[in-house]
Number of protein chains: 2
Amino acid sequence: MISVKGALETVLNSIQNFGVEEIPFIKSVGRVLKEDILADRDFPPFNRVSMDGICIDFNAFNNGQRDFNVEGIQAAGSEQMTLKNNENCIEVMTGAVLPNNANTVIRYEDVTLKNGIATININKINDCQNVHAKGKDGKVGDVLISKNKIISAAEIGVFATVGKSVVKVAKQPKVMIVSTGDELVGVDEIPLEHQIRRSNVFTLVSLLEKLNIPSETAHITDDKPILKSKIKSFLKEFDVLLFSGAVSKGKYDFLPEVFEELGVEKLFHKIAQRPGKPFFYGKTNECNIFGFPGNPISTFVNCLVYFYPWYYKSTGVEIEEETAILAENVSFKPNLEFFLQVELKSKFGHLVAFPIKGNGSGDLASLVNADAFIQLPNDKSEFKSGEVFKIIRYR
Amino acid sequence: MISVKGALETVLNSIQNFGVEEIPFIKSVGRVLKEDILADRDFPPFNRVSMDGICIDFNAFNNGQRDFNVEGIQAAGSEQMTLKNNENCIEVMTGAVLPNNANTVIRYEDVTLKNGIATININKINDCQNVHAKGKDGKVGDVLISKNKIISAAEIGVFATVGKSVVKVAKQPKVMIVSTGDELVGVDEIPLEHQIRRSNVFTLVSLLEKLNIPSETAHITDDKPILKSKIKSFLKEFDVLLFSGAVSKGKYDFLPEVFEELGVEKLFHKIAQRPGKPFFYGKTNECNIFGFPGNPISTFVNCLVYFYPWYYKSTGVEIEEETAILAENVSFKPNLEFFLQVELKSKFGHLVAFPIKGNGSGDLASLVNADAFIQLPNDKSEFKSGEVFKIIRYR
């Protein structure tokens, strides 16, 4: 049985490169950027007026002048004007180019305008005030966004600003999610007494959707020849196969032998953790195979703990570890790493993790009340309130 | 000039009800649930075997018996069998119904199977072990998920389990995002010296996409009659109008007067904050109008600080406040509430906020390096490293 650390290392040593594609920038939120974004001009591209008001030559003010004839109006989006007489002023609008020969902007609030004369009503102004100088935020050619970043609304604004209407992002893997188990019926069906509805595949679809990965789903009955023939074709067609169920010790848990017969290299089977112990992980040259145990929480936690980091590393994203403070004592005797559902609360800058009591790995409803798993190591069995551990969020 | 607190109260007193719609459960991630989700049967719906192994009558073991004839195999998804002789056993698979007359499961790891006889190799087992009792996680009719929750992968699994193939969610508002400003050109265009590309509308589209709200966009030139006629029709057609620009003191900042002429009730104009001071907020009977200032960071922060909470309250969602610890001293003299970009780091269960130095409200690129805004109140001007303040995340 491999340790959680060993399992994660194995998974992270087996990443795939999905390649790069170009997509419209406005569709790129949540995707991983695969090119550096450069400034196509200085930012701001001109000495930019940052307040509505008048612009003057500061020397005139400094020489004691307070009344200025208005030469005209410099609107945002108009070509740059020139202040013809440096004892005059031009009205200027936020976003406009600062007129030639002017260097300082006084906002309307500090000015009286009457009969074509602007009178400045304050006695202290600064040279070059209310002007956002050309190139202050960045020079042409500067890297504004480095590649391997997950794109958010902030990056979208920069793409638009520099004219990147199409951006290079990591291609997403082609993923098939397979459920097994003859006890499963469809969501729209009424299960018989001994049946339950399929749920894990949909949970996995949603967990992948959070990474913007589209996926397909299939259900295969617990019949070895059928499993074998379908998986054989899936291995050729997809980059990643996610399974839920049929990896444990049961008489109908055919997956490990089917994988072996199909030439899947087993990298590990079973991890010293709860829930999610019977996890199978393997690969072929073209495909990574995550065989999650069939219990709902087991599938859920293993997708977060192994598939997510595998995907991030495959696409070049570095994710920072997050920690939280345990709010209650927890006792866990088995020699296994324990992933415990917790509700997170932000208290005075501290992230506090309140354990959610579930009824084991079958209790899907307990996930609804939690936000994350806290990862309690297997080198001890008593975990005290106030101790800090790694967490894995899912909300 | 209204305070941030007063502005937020005003916005939250002016929420809208967008109504409720039914959508396929698998499309519902990120939407707001508008019905309680009840257990349609007990969970588990039967005494569920939770380990692969054999099941027995505990009394037989308790009486010293260790060898059990195997009567058959109870597979998951098969009808419940009956243990005919309580000195025999039945092999059982995870997920199967526990056979009648049996009450305890011993996992294969602790059993030797040979010639149709199962021998238990351990001397300590517990009555009813490895059985997930009918109804233990929930009884038929129990509320598994309460309404007004934002749906995540965890909820999707529960919907599937209880057969909710269609769920009631809050309808999304119909939103139009309008940019103004004659200095703006399209993302695909090469701007002239005095022009810049449109970016705020796309940032807003992405910020709304994060709430799963689709939106339309338009650009209107700084021409009052055109502005008036277009906005007049938008007010009838949309639930929410978001504007970027034209709300300040400039000669071409026509929006406040256009709003007035169109019968928009002004709820406030200008907030004692930086960035984002010239924010205009108003409403008609059918429409809420958010007039964000045109600077990129102003639009961004006001969307997060005012539109997000307005949307959450409109749909019934309660969002918990999040706080972080300031990592450096910050000095801010103006008598304004200060929203400062920060990078967040998780350190030993503490959330630490590192200020990102930007060049004022025009510096969109500075958002790329930050994760959140920290809200520094206007009742003081020196903020010390180690002090705790509210944060507003955008990643």
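Phi angles across segment B:181-190 convert, under the Karplus curve 6.51 cos²θ - 1.76 cosθ + 1.60 with θ = phi - 60°, into 3J(HN,Hα) values of x, 6, 7, 8, 10, x, 5, 7, 8, 9 Hz, Gly and Pro given as x. FRET efficiency for the pair B:Glu318 and A:Glu237, taken as 1/(1 + (r/R0)^6) with r the Cβ-Cβ distance and R0 = 35 Å, rounds to 0.20. Listed here are the pairs A:Lys34/A:Lys171; A:Lys5/B:Lys124; A:Lys27/A:Lys171; B:Lys224/B:Lys249; A:Lys347/A:Lys384; which of them are more than 21 Å apart at the Cα? Those over the limit are A:Lys5/B:Lys124.
Legend: ranking of residues A:Asp110, B:Asp182 from fewest to most surrounding C-beta atoms inside 10 Å; resulting order A:Asp110, B:Asp182. DSSP bridge analysis restricted to the protein assembly as shown gives an antiparallel fraction near 65%, rounded to the nearest 5. Counting Cβ atoms of other protein chains within 10 Å of each Cβ in B:384-393 and taking the mean gives 1.
What separates the Cα centres of segment B:166-230 and segment A:224-254 is a distance of 47 Å.
For A:Gly72, place a label point 7 Å from Cα along the Cα-to-Cβ direction in every copy; what are the distances to the other copies, in nm, shortest first? Counterpart label points of A:Gly72 in the remaining copies fall at 9.7 nm. Per-residue shielding of A:68-78, expressed as the average number of other chain Cβ atoms within 10 Å of the residue Cβ, stands at 4. Estimated from helices alone, the mean residue ellipticity of the protein assembly as shown at 222 nm is -5000 deg cm²/dmol (sum of -39500 (n - 2.57) over DSSP H runs with n ≥ 4, per residue). Overall form of segment B:322-393: oblate. Here a/c, set by the Cα gyration tensor axes a ≥ b ≥ c, is 1.5 or more, and a/b is not larger than b/c.
Using Cβ contacts closer than 10 Å as the measure, can you line up B:Asp67, B:Asp239 from fewest to most? The partial results should precede the final answer.
Details: B:Asp67 12, B:Asp239 17.
Going from least to most buried by this count: B:Asp67, B:Asp239.
Under a Gaussian network description of chain B, with springs only between Cα atoms under 10 Å, the residue in B:Val305, B:Val162, B:Val342 that fluctuates furthest is B:Val162. Looking at chain B as a GNM with Cα springs under 10 Å, which of B:Ser28, B:Ser244, B:Ser346 has the largest mean-square fluctuation? For chain B, modelled as a Gaussian network with Cα springs under 10 Å, the answer is B:Ser346. Scanning residues 5 or more positions from A:Thr217 or on other chains, those with amide H under 5 Å from its amide H are A:Ile177, with H placed 1.01 Å from N in the peptide plane. For B:Ser233, inter-copy separations between label points set 7 Å beyond Cα along the Cβ vector come to 5.1 nm, shortest first. Partner aspartates and glutamates whose Cα lies under 12 Å from the Cα of B:Lys174, excluding those fewer than 8 positions away in the same chain, are identified as B:Glu216, B:Glu237, B:Asp239, B:Glu286.
Taking the fewest neighbouring Cβ atoms within 10 Å as the starting point, the ordered list for A:His194, A:His219, A:His350 is A:His219, A:His350, A:His194. Would you please classify the overall shape of segment B:48-132 from the alpha carbon gyration tensor, given that a ≥ b ≥ c denote the square roots of the eigenvalues, rounded means a/c under 1.5, and beyond that prolate means a/b larger than b/c while oblate covers the rest? In terms of gyration-tensor shape, rounded. Peptide A:318-331 is shielded by partner chain Cβ atoms: per residue, an average of 2 of them sit within 10 Å of its Cβ.
Bridges between two residues of segment A:48-132, per DSSP, are antiparallel at a rate of about 75%.
Shape analysis of segment A:240-391 places it in the prolate category; the axes a ≥ b ≥ c from the Cα gyration tensor give an a/c of at least 1.5, with a/b above b/c. Under a 5 Å amide H cut-off, with hydrogens placed 1.01 Å from N, A:Asn295 pairs with nothing among residues at least 5 apart or on other chains. The aspartates and glutamates whose alpha-carbon is closer than 14 Å to the alpha-carbon of A:Lys380, local same-chain residues fewer than 8 away aside, are A:Glu337. Highest GNM mean-square fluctuation among B:Tyr281, B:Tyr108, B:Tyr311, for chain B modelled with Cα contacts below 10 Å: B:Tyr108. Take B:Glu286, push a point 7 Å out from Cα through the beta-carbon direction, and compare it with the same point in every other copy: 5.5 nm, smallest first. Rounded to the nearest Hz, the phi-derived 3J(HN,Hα) couplings of segment B:162-178 under the Karplus curve 6.51 cos²θ - 1.76 cosθ + 1.60 (θ = phi - 60°) are 8, x, 7, 6, 10, 10, 7, 10, 5, 4, 8, x, 8, 10, 10, 10, 10, where x marks glycine and proline.
A short reminder: the numbers here are calculations on the coordinates, not readings from a lab. All values derive from a computational prediction rather than experimental measurement. Quick reminder, even Gly has a Cβ in these numbers, built from the backbone with ideal geometry, and neighbours come from all protein chains shown.
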